[in-house]
Amino acid sequence: MSFESLLFQAVNGLASASGLFLVAAGLSIIFGVTRIVNMAHGSFYMLGLYLAVTLAPRLGEAIGGPLGFWGGILGAALVTAALGALVEIVLLRRIYAAPELYQLLATFALLLIINDAALYLWGPEDILGPRAPGLSGSIEFLGRRLPQYDIFLALIGPIILIVLHTILLRTRFGRLVRAATQDREMVAALGINEAWLFTAVFALGTGIAGLGGALQMAREPANLALDLSVLGDAFVVVVVGGMGSIHGAYLAALLVAEVKALCTALGMVEVAGHAFNMSRLTLVAEFLVMAVVLVLRPHGLFGRPQPLVARHGEIAVPLVPLGRQGRFIVLAVLVIFAGVPLFGTFASYAPVLALDMVIAALFAASLHLLMGPGGLASFGHAAYFGLGAYGTAYAATVLGLPTPLAFAAGMATAAAGALLFGWFCVRLEGVYFAMLTLAFAQIVWSIVHQWEEVTGGSNGLFGVWPDAPFDTANGLYLAALAITLAGIFLIRRLAFSPFGLALRAGRDSRMRAEASGIAVEKVRWLAFAIAGTLCGAAGGLFAFAKGSISPEAISVGRSIDGLVMVLLGGVHSLMGPLIGAGGLTLLQDMVMRESTYWRALLGLLILIVVMLFPAGIAGGLRQVRRAA
């Protein structure tokens with residue numbers, strides 16, 4: 001690989017860095033002021049691109065010349081900013097008092113709604129935009145052709161950075177934004193109209209994201225997969241740079257883009273006598289960068305560590321054992337689920353749906369051990385679900401182990417992954433913990449996706465069928481029900497044990513817990529390992545239930561499903577994840593069969609639950625029972 005080739009790829013990577021910076025800068029500004037982890041931020045980027053490819057041709061026909069193209073980009077950014085302001089006023093302003101995780105759930109519901117709205121307005125096909133007038137050619141650089149529009153994009157990033165820096169440093173609005181980033185309560189105490197400040201910030205952030213999407217019009221088509229793909233990259237850039245740091249976001253975008261460009265330039269390399277295609281790392285390069293940065297600098301490149309103080313706000317309601325009425329309801333539900341094989345005689349789909357619900361319940365309960373008693377929101381819990389599934393499938397199909405041993409092998413694989421990754425993750429807090437779990441999950445996904453000799457690559461592993469007596473629908477269901485009940489019983493015992501009390505002490509006030517002699521990191525590491533092992537059990541059951549396993553089991557969507565289950569049911573109740581798992585599984589099954597636009601319907605239902613029950617369904621039921 002010549003130096004000229006590396007330099008060319010480095011220059012080419014500057015254009016990608018500008019696109020990453022624009023979407024990440026808006027997300028960083030919004031989080032810095034509102035403290036909302038906006039899961040719908042990638043949707044505004046996607047809308048910006050869709051609006052641009054729609055407006056530019058029409059404006060070109062109306063006014064002609066280059067004004068149509070650039071007017072389409074400007075119009076898309078302005079419309080996206082207006083939509084962002086509308087969303088903040090209509091939706092987010094009503095849930096600022098809700099716990100932060102439920103704000104995250106509301107924005108995820110918004111992501112689903114916007115995605116289906118785009119599907120309704122523009123259809124499922126990719127839409128190409130016009131080329132940039134005057135910038136559609138290329139120039140020769142180091143013996144290769146470099147697109148003129150890429151050069152333009154490479155310059156746009158620093159220009160926007162300078163403009164944002166000037167606004168934040170020289171204007172009254174910028175001073176208010178910086179003050180709110182440092183201390184929102186003090187800003188409100190000084191008489192600043194906090195509501196309109198939040199609206200302006202959200203409009204600015206979403207407008208920048210829309211501009212970033214619109215500027216990609218000449219480079220890539222508008223498509224419905226952009227929202228989640230861009231969202232992951234934006235989170236990576238914001239976290240690597242340091243939450244709330246605009247300069248850090250640009251440098252992180254530059255770092256990520258250049259690492260990807262370097263991987264592309266290196267191509268095939270020889271490592272210890274084995275040929276390896278470095279370009280494969282572009283699938284996961286940003287997450288590798290994030291993992292390395294967070295391990296070395298837990299608050300990102302330019303992030304500031306938060307002072308170690310006691311937790312503010314309302315402390316979670318203490319966990320209490322079930323009363324007589326609660327035990328009666330649980331017993332009735334157990335009888336119903338135990339009798340599912342009998343229902344199969346006249347409702348053949350019942351055992352299949354019940355099996356999905358049981359597996360989802362174990363998945364959600366294992367995540368809840370971290371999120372509820374531990375106060376640790378994992379964005380990458382699907383990694384252990386996938387490790388358990390692949391470990392089970394490999395042991396059953398390749399090694400030929402009997403079903404119980406194959407299942408145990410899957411749990412052991414998940415436990416090993418949880419012990420390894422958890423050792424790094426539990427040293428972090430808040431969003432940084434969540435994003436490091438996501439980074440490790442994406443690394444696992446990349447390995448599974450590309451290690452074809454072991455995992456089957458994108459096709460996965462097939463023929464994962466259990467032995468007798470688990471080879472029938474009823475036999476596998478009853479075994480899954482027994483394993484799930486054992487896992488839930490273990491979690492419940494742990495929650496009320498001294499270990500569970502220590503875990504909750506670290507959640508409510510790490511400083512006080514450590515002053516009391518509790519080794520918070522060790523307690524969290526053990527909880528992480530237990531949660532990962534039980535999640536692996538759910539993955540092993542999933543592999544046997546479906547008869548195959550593919551990289552989809554470790555996707556970001558699977559981790560998000562787990563978060564939704566826990567939050568929907570209620571994070572401060574041991575019954576919450578079970579209610580959420582059953583409810584979400586039923587909703588997905590019923591809504592997906594009823595409409596093409598099932599995502600929007602599911603999103604609306606989630607929004608209704610968040611608005612009516614800010615503490616989840618279990619929390620809402622508790623409030624109703626107290627009021628009665």
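The values are calculated or read from the model by the stated rules, or taken from the named source; none is laboratory data. What you are looking at is a predicted structure, and each value in this text was computed from that prediction instead of being measured. All Cβ positions, even for glycine, are placed from backbone atoms using ideal geometry, and neighbour counts span all protein chains on display. For accessibility, only protein heavy atoms count, side chains too; no ligands or nucleic acids. Shrake-Rupley method; radii C 1.70, N 1.55, O 1.52, S 1.80 Å.
Going through 222, 180 one at a time, which residue ends up being touching a helix residue (DSSP H, G or I) at 6+ places or on another chain (Cβ under 7 Å) and either acidic (Asp, Glu) or closer than 21 Å to residue 47 by Cα (or both)?
Residue meeting the stated conditions: 222.
Report whether or not residue 60 is farther than 30 Å from residue 564 by Cα, part of a helix (DSSP H, G or I) and in contact (Cβ under 8 Å) with a residue 60 or more places away in the chain.
Details: farther than 30 Å from residue 564 by Cα: yes; part of a helix (DSSP H, G or I): yes; in contact (Cβ under 8 Å) with a residue 60 or more places away in the chain: yes.
Against the criterion (farther than 30 Å from residue 564 by Cα, part of a helix (DSSP H, G or I) and in contact (Cβ under 8 Å) with a residue 60 or more places away in the chain), residue 60 qualifies.
Mind checking which residues of region 378-434 are within 21 Å of residue 527 (Cα to Cα) and touching an Asp or Glu at 6+ places or on another chain (Cβ under 6 Å)?
Selection gives 426 alone.
If residue 273 satisfies every condition in (1) open to solvent by 10 Å² or more (accessible area, probe 1.4 Å); (2) at pLDDT 80 or above; (3) more than 24 Å from residue 441 (Cβ to Cβ) but one, which is the exception?
Tallying (1) open to solvent by 10 Å² or more (accessible area, probe 1.4 Å); (2) at pLDDT 80 or above; (3) more than 24 Å from residue 441 (Cβ to Cβ), residue 273 fails exactly one: (2).
Any residue that is among the β-branched types (Val, Ile, Thr), free of Cβ contacts under 8 Å to residues at least 12 places away in the same chain, farther than 26 Å from residue 49 by Cβ and open to solvent by 10 Å² or more (accessible area, probe 1.4 Å) - is there at least one of those in region 189-210? So that I can check it myself, show each step before the final result.
Filtering region 189-210 down to residues among the β-branched types (Val, Ile, Thr) leaves 192, 199, 201, 206, 208.
Right, trim to free of Cβ contacts under 8 Å to residues at least 12 places away in the same chain and you get none.
Scanning region 189-210, I find no residue that is among the β-branched types (Val, Ile, Thr), free of Cβ contacts under 8 Å to residues at least 12 places away in the same chain, farther than 26 Å from residue 49 by Cβ and open to solvent by 10 Å² or more (accessible area, probe 1.4 Å), so the answer is no.
Kindly state which helices (runs of 4 or more DSSP H) lie completely within region 294-371 and contain at least 2 residues that are touching a strand residue (DSSP E or B) at 6+ places or on another chain (Cβ under 9 Å), modelled with pLDDT of 75 or more and of a type in the set (Asp, Glu).
Helices (runs of 4 or more DSSP H) meeting the threshold: none at all.
Residue check, residue 341 against (1) out of contact with any Phe, Trp or Tyr (no Cβ under 7 Å at 6 or more places or on another chain); (2) more than 28 Å from residue 458 (Cα to Cα), all met but one. Which one?
The single condition residue 341 does not satisfy is (1).
Name the one entry in 546, 522 that is without any contact (Cβ under 8 Å) to a residue 12 or more places away in the chain and of a type outside the set (Gly, Ala, Ser).
From the options 546, 522, the qualifying one is 522.
Quick one: in region 456-506, of everything that is outside any helix (DSSP H, G or I) and under 30 Å from residue 374 (Cα atoms), which residue is least open to solvent (accessible area, probe 1.4 Å)?
Step one: filter region 456-506 for residues outside any helix (DSSP H, G or I), giving 456, 460-472, 496-497.
Add one more test, that the residue is under 30 Å from residue 374 (Cα atoms), and what stays is 496-497.
Details: 496: 74, 497: 27 Å².
Here the residue is 497.
Per-residue answers, yes or no, for (1) among the hydrophobic types (A, V, I, L, M, F, W, C); (2) over 19 Å from the mean Cα position of the chain (by Cα); (3) open to solvent by less than 30 Å² (accessible area, probe 1.4 Å):
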| residue | (1), (2), (3) |
| --- | --- |
| 563 | yes, no, yes |
| 569 | no, no, yes |
| 578 | yes, yes, no |
| 583 | no, yes, yes |
| 586 | yes, yes, no |
| 589 | no, yes, yes |
| 598 | yes, yes, no |
| 603 | no, no, yes |
| 607 | yes, no, yes |
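Go through the residues of region 542-564 one by one and say whether even a single one is at negative phi, in contact with a strand residue (DSSP E or B) (Cβ under 6 Å, 6 or more places away or on another chain) and among the polar types (S, T, N, Q). Give the steps one after another, and end with the answer.
Here is the first cut: in region 542-564, the ones at negative phi are 542-546, 548-564.
Still in the running and in contact with a strand residue (DSSP E or B) (Cβ under 6 Å, 6 or more places away or on another chain): 543, 548-549.
This time we only want the ones that are among the polar types (S, T, N, Q), so: 548.
The answer is yes; a qualifying residue exists.
In region 115-146, which residues are over 16 Å from residue 221 (Cα atoms), touching a residue at least 24 places away in the same chain (Cβ under 8 Å) and either small (Gly, Ala, Ser) or open to solvent by 40 Å² or more (accessible area, probe 1.4 Å) (or both)?
Applying the first criterion (over 16 Å from residue 221 (Cα atoms)) to region 115-146 yields 116-117, 120, 133-135, 137-146.
Applying the additional criterion that residues be touching a residue at least 24 places away in the same chain (Cβ under 8 Å) yields 116-117, 120, 133-135, 141-144, 146.
Matches in region 115-146: 117, 120, 133, 134, 135, 141, 142, 143, 144.
Those residues that are of a type in the set (Asp, Glu) and over 18 Å from residue 420 (Cα atoms), I need them from region 511-549; list them, please.
Within region 511-549, 514 is the sole residue that qualifies.
Scan (1) part of a strand (DSSP E or B); (2) more than 21 Å from residue 253 (Cβ to Cβ) for the single condition residue 146 breaks and write down its number.
Here residue 146 meets the rest and fails (2).
Residue 101 - would you say it is farther than 22 Å from residue 50 by Cα and within 27 Å of the chain's Cα centre (by Cα)?
yes
Here are 71, 60, 64: which of them is on the phi > 0 side of the Ramachandran plot and surrounded by fewer than 20 Cβ atoms within 10 Å (Cβ to Cβ)?
Being on the phi > 0 side of the Ramachandran plot and surrounded by fewer than 20 Cβ atoms within 10 Å (Cβ to Cβ) holds for just one of 71, 60, 64, which is 64.
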